[in-house]
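Input: a single structure, listed below in C-alpha cells.
The values are calculated or read from the model by the stated rules, or taken from the named source; none is laboratory data. All figures in this text were calculated on a predicted structure; none of them were measured in a lab. Here the Cβ positions follow ideal geometry from the backbone for every residue, glycine too, while neighbour counts run over all protein chains shown.
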Amino acid sequence: MNGVSGSAQTALPEGHRLFTIADEPDRWRPLDDLCSSVWPEFMLHSPVAGAHWDLLRTDWPELQFGLLDAGGRVVAAANAAPIAWSGVDADLPIGWDDQFVRSAADLAAGRRCESLGALQIVVANERRGEGLSSVMLAALRGAASGADRRTLIACVRPTEKARYPLMPVEDYAAWLRADGFPHDPWLRVHSRAGARIARPEPRSMTITGTIAEWREWTHLEFPVSGSYVAEGALAPIAIDLGADRGVYYDPNVWMIHEIG
Ligand SMILES: CC(C)(COP(=O)(O)OP(=O)(O)OC[C@H]1O[C@@H](n2cnc3c(N)ncnc32)[C@H](O)[C@@H]1OP(=O)(O)O)[C@@H](O)C(=O)NCCC(=O)NCCS
C-alpha cells in the first residue's frame, strides 16, 4: 500500500493504476459491469440514469475513472459530469436525478460549467475497507481543480443509512460522532477529504415500477398497500396495489468540495 493505509489514504496501492475512458475507451464495459454488480437491483432502474448514462462515455470520457489492479482487473470506479452550478447552495439541483438532467441540459446548450458533479464511486465488494474510495474521490477532486473548474459537488448516498431506513435523512445527516465527523462512513470519507454538508436531499433519486417489477427487484411479496423496507434501500418503498405502482425515493446528502 505504498506505506499508506486507512480510509484517508490517497496513494495508489502497489501495482495499481488509474485510467480514464478517454485514454482507454475499451475499458468502458468492465468499468460499467463493476458498477452494475454492486447495486441492489432496484437502484439500476433509475429512468434518469437510463436516459443519460451513455453521455458519460460519449461526451465526458475524461471524467470517468477506473482503478486497475496488478492483474488488470477493474476494482474501483468514479463517474462524474460537468455542471453549471453558480456556487450558491440554493441553486443546487434537487438531488441526483436533477443534477444529471442539468448536466445533460448544460451540455446540449453549450453552457460553461464551473463545477464537476460526482455521480458515483464504487469499490468492488472484495476490495472494500482498504481506503480505495478515498483514492477515487481524490481522482474526482483532481479533475474538479482544472483551470476552468473550482468545485466538486456530490449528492452523496449515505451507505449505512440502509440500517436506519425509517430515520428521516435530515436527522441522519446531522448525526455526528464525538470527533465531529459524520456517523455515516461514506459521508465521513467526503468530510475528511474537506467537503462540507450543504443539505439533506430526501428525494434525490426516484425509482418507480409496477408491483411485479418491485417483486422481481426486491424478492418481497406485497400483500397489502403500504410502506415496505427492502434490503439496500435507505428509505421505505411506497406500494399502491390499486395503482399497480411502487415508488422509492433514494435519500442523499449534498456535500460540497471547494477546491483551491
Ligand atoms: C461506499 C464505498 C465506495 C466505500 O468504499 P471503501 O473503499 O470500502 O471505503 P473505505 O475503505 O474508504 O472506508 C470508508 C469508511 O467506511 C468504513 N467502512 C468500511 N467498511 C465498512 C463496513 N463494512 N461497515 C461500516 N463501515 C465501513 C471505513 O472504516 C471508513 O471509515 P473510517 O475510516 O472513517 O472509520 C463502497 O462501500 C461501495 O462501493 N459501496 C457500494 C456503492 C455505493 O454505495 N457508493 C457510494 C454512493 S455513490
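A few points about this structure:
- Residue selection: P202 satisfies the criterion of being under 18 Å from the mean Cα position of the chain (by Cα) and over 30 Å from T10 (Cβ atoms).
- Residue pairs meeting the criteria (Cβ under 6 Å; at least 6 apart or on separate chains; first within 20 Å of L137 (Cα to Cα) and of a type in the set (D, E, K, R), in the range 148-175; second modelled with pLDDT of 95 or more and more than 15 Å from the ligand (Cβ to nearest atom)): none
- Boolean, G142 is surrounded by fewer than 18 Cβ atoms within 10 Å (Cβ to Cβ), without any contact (Cβ under 8 Å) to a residue 40 or more places away in the chain and either within 18 Å of the chain's Cα centre (by Cα) or in a strand (DSSP E or B) (or both): yes
- When the range 22-37 is filtered for residues that are under 23 Å from A230 (Cβ atoms) and surrounded by 15 or more Cβ atoms within 10 Å (Cβ to Cβ), the ones remaining, listed by number, are L34, C35.
- Residues in the range 194-213 that are hydrophobic (A, V, I, L, M, F, W, C) and either farther than 15 Å from P158 by Cβ or in contact (Cβ under 8 Å) with a residue 60 or more places away in the chain (or both) were compared, and the one that is surrounded by the fewest Cβ atoms within 10 Å (Cβ to Cβ) is A212.
- Enumeration of residues in the range 121-179 that are among the small types (G, A, S), near the ligand (Cβ under 9 Å from one of its atoms) and within 19 Å of A193 (Cα to Cα): G129, G131, S133, S134, A154
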